[in-house]
Amino acid sequence: MDQAPGNPQGPPDQGPQDAQSLPTCYRHPDRESGVRCTRCERPICPECMVSASVGFQCPECVRSGSGTGHSPAAAQPRTLAGGTVTADPRLVTKILIGINLAMFLVQQAVGDSFTNSFDLFGRALLSGELQGVAEGQWYRMLTSMFLHGSVIHILFNMLSLWWIGGPLEAALGRARYLALYFLSGLAGSALSYLLAAPNQPSLGASGAIFGLFGAMAVLMRRMNYDMRPVIALLVINLIFTFGWSNIAWQAHIGGLVGGLAVGYAMVHAPRERRTLVQYGVCGLVLAAVVIMTLLRTAQLT
């Protein structure tokens, strides 16, 4: 660090900011923390805190079971949302990306006949017969989440999934992350089905991706991180959503709202009732998806 001129006699006096600086988490050196592990006394950030009978412990001490008299399996380290800490915190994200890429390759190999069989639309005459969600093809609300219309479409979505999904999976745990992803995608499909024209097809992982954006904003707010990068990216995506034609804005907004609701429950649920609150909210979001689907089906049939 450059020193101010005019003080050649020795080091400059320590300023109040330096004197009050906090130690950094030993697992995340870029994060300051005023909390230490009650066993090893190393500083830990909120993501690394594992609740103990007295204070918090770091994942390594919990994993080793040191000083507890129990086997390591008796006290598994948990993520911020209560999920299990895993060796590969991005495994589910990698699998989701792999499924999306595999489905896109099938689309390119088989052609429109495959896409038309699994994309999302309410009700339309296709191949001489009425098809769509209103005709009982409810699976389209799920399968459309793994289809894409172009190389640019899937490239943008998969880059977003890797950038946003990986940190979320690490913070939530695999089961909660999967619940967030699929409920966000289904919420996007349901709103698109409810509001879009019956014969308007839609496809893509964008509903789920927007849900991840919403949950990431909630998480960063909870961790007191700088939210400007994720907010800027979300605003850019919303500009594209409403500024370009042929974009199913309903799926984006539905996914965003679903992701905000599920993400808030995952991150802010009280520890003593965490599982009940988290999966209770997931159940409410799923119920909303079912209700929107049934209402639209009743309108179209």
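Could you pull out every one of the helices (runs of 4 or more DSSP H) wholly within the range 187-292 that has 3 or more residues that are touching a Leu at 6+ places or on another chain (Cβ under 8 Å)? Steps first, answer last, please.
Numbers: elements: 206-222, 228-243, 249-268.
Those helices (runs of 4 or more DSSP H) span 206-222, 249-268.
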*Out of the range 18-55, which residues are at pLDDT below 80 and under 17 Å from V85 (Cβ atoms)?*
S51, A52
_Residues (closer than 17 Å to P77 by Cα and of a type outside the set (S, T, Y)) located in the range 25-34_ = C25, R27, H28
*Residues located in the range 86-128, provided they are closer than 28 Å to L294 by Cα and of a type in the set (V, I, T)*: T115
_In the range 73-113, the residues that are closer than 29 Å to L203 by Cβ and modelled with pLDDT under 80_ = none
*When residues of the range 164-201 are filtered for being surrounded by fewer than 24 Cβ atoms within 10 Å (Cβ to Cβ), at negative phi and touching a strand residue (DSSP E or B) at 6+ places or on another chain (Cβ under 6 Å), how many remain?*
1
*When you look at A261, is it more than 15 Å from Y181 (Cα to Cα) and among the small types (G, A, S), yes or no?*
no
*Do any residues in the range 80-99 that are surrounded by fewer than 19 Cβ atoms within 10 Å (Cβ to Cβ) have Cβ atoms under 8 Å from those of residues that are among the hydroxyl-bearing types (S, T, Y), where the two are at least six apart or on different chains, and which pairs are they?*
G82/T275; V85/T79
*Can you pull out the residues in the range 145-163 that are under 23 Å from P229 (Cβ atoms) and surrounded by 24 or more Cβ atoms within 10 Å (Cβ to Cβ)?*
none
*asked:* Going residue by residue through the range 122-144, is there one that turns out to be under 25 Å from I236 (Cα atoms) and assigned by TED's automatic domain parsing to the domain that holds F210?
replied: yes
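Matching residues to (1) under 15 Å from the mean Cα position of the chain (by Cα); (2) crowded, with 16+ Cβ neighbours inside 10 Å; (3) not assigned by TED's automatic domain parsing to the domain that holds F121:
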site	(1), (2), (3)
A208	yes, yes, no
L212	yes, yes, no
D226	no, no, no
N237	no, yes, no
M266	yes, yes, no
T275	no, no, no
I291	no, no, no
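What are the residues in the range 21-63 that are in a loop (DSSP other than H, G, I, E, B) and under 19 Å from M220 (Cα atoms), if any?
In the first step, residues of the range 21-63 are kept if they are in a loop (DSSP other than H, G, I, E, B); the result is 21-23, 25-31, 33-34, 37-42, 45, 49, 52-55, 58.
Scanning the range 21-63 gives C25, R27, H28, P29, D30, R31, S33, G34, C45, M49.
The values are calculated or read from the model by the stated rules, or taken from the named source; none is laboratory data. Remember, predicted model here, so these are calculated numbers, not experimental data. Here the Cβ is made from the backbone with ideal geometry for all residues, glycine too, and neighbour counts use every protein chain on show.
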